[in-house]
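The values are calculated or read from the model by the stated rules, or taken from the named source; none is laboratory data. What you are looking at is a predicted structure, and each value in this text was computed from that prediction instead of being measured. We place every Cβ from the backbone using ideal geometry, glycine too, and count neighbours over all the protein chains shown. Side chains included, ligands, DNA and RNA excluded: accessible areas come from the protein's heavy atoms. Shrake-Rupley method; radii C 1.70, N 1.55, O 1.52, S 1.80 Å.
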Amino acid sequence: LVSQREPFSFHESLLSSASETITLTTALRRSFSTTPLVTSFSYSVRSRAVIFSFCRFWLREMGWKAAEKLIRHWKVLRGDNVMIIRGKDKGETGVIKRVVRSQNRVIVEGKNLVKKHIKQGQGHEGGIFTVEAPIHASNVQVIDPVTGKPYKVGTKYLEDGSKVRVSRGIGASGSIIPRPEILKIRTTPRPSVAGPKDTPMELVYEKTYDAKTGKGMPEL
């Protein structure tokens with residue numbers, strides 16, 4: 001096992017039996033904690049249990065690495081008017097229909113169309129349909145509302161303390177990019193009538209603690 005920082009080696013007796021699976025897994029875990037990148041693994045492993053344990057440990061570690069690459073702070077929102085800067089639809093504009101945060105991708109309405117074969121089932125017909133395929137978030141840029149050209153999105157705080165998005169980059173106007181109106185619409189409307197499990201308003205505003213009079217203080 002060759003790594004960037006320090007090499008890792010183990011004795012052949014470790015792999016002699018399946019009972020040493022935990023020992024090998026612990027040794028590999030310690031090696032991965034000090035070495036960020038493994039470039040090659042060349043060793044003849046004879047025990048199937050050891051191979052299974054190593055593969056399970058490898059997939060778990062690689063899963064964590066993939067999770068670290070997800071975009072945490074999204075600046076492209078559903079309803080934004082964007083331009084595709086890479087791919088077969090390069091230069092075309094559209095509105096973001098959906099944001100797939102688990103894959104770092106977005107779906108632009110009417111763009112990146114592909115043919116999809118759908119099998120007939122209960123409640124829907126089968127056939128070949130044209131659907132919109134997801135596009136990676138790095139392949140789209142929000143259009144500047146003043147210049148009409150695609151630019152990167154930055155954030156800044158106004159005098160009243162509110163946080164807004166602005167266009168940034170060479171040639172950008174720096175104007176505020178408004179929040180899409182579609183995000184202000186609730187998918188499930190807020191109920192206006194109190195339900196059986198809602199707390200009455202008189203109990204919400206009831207004062208149950210007063211330090212001066214001792215109300216609500218525990219009895220010692």
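Within the range 111-150, take every residue that is among the acidic types (Asp, Glu) and surrounded by 10 or more Cβ atoms within 10 Å (Cβ to Cβ) and give me the one that is nearest to Lys90 (Cα to Cα).
Glu132
Which members of the range 150-166 meet the condition of being free of Cβ contacts under 8 Å to residues at least 24 places away in the same chain and out of contact with any Ser or Thr (no Cβ under 9 Å at 6 or more places or on another chain)?
Correct list: Lys156, Tyr157, Leu158, Glu159, Asp160, Gly161, Ser162.
In the range 191-220, how many residues are small (Gly, Ala, Ser) and exposed (fewer than 10 other Cβ atoms within 10 Å of the Cβ)?
Total satisfying the criteria: 4.
Taking only pairs six or more apart or across chains, which ones have beta-carbon atoms under 7 Å, a first residue in the range 119-136 that is β-branched (Val, Ile, Thr), and a second residue that is part of a loop (DSSP other than H, G, I, E, B)?
The qualifying pairs are Ile135/Gly87; Ile135/Asn112.
Looking only at the range 169-190, decide whether some residue is closer than 30 Å to Gln103 by Cβ, surrounded by 10 or more Cβ atoms within 10 Å (Cβ to Cβ), at pLDDT 90 or above and hydroxyl-bearing (Ser, Thr, Tyr).
Checking the range 169-190: not a single residue is closer than 30 Å to Gln103 by Cβ, surrounded by 10 or more Cβ atoms within 10 Å (Cβ to Cβ), at pLDDT 90 or above and hydroxyl-bearing (Ser, Thr, Tyr).
Just to be sure I understand, how many residues within the range 155-198 are closer than 19 Å to Asp80 by Cβ and among the acidic types (Asp, Glu)?
1
Counting just the residues of the range 151-160 that are of a type outside the set (A, V, I, L, M, F, W, C) and open to solvent by less than 50 Å² (accessible area, probe 1.4 Å), which one comes out farthest from the chain's Cα centre (by Cα)?
Tyr151
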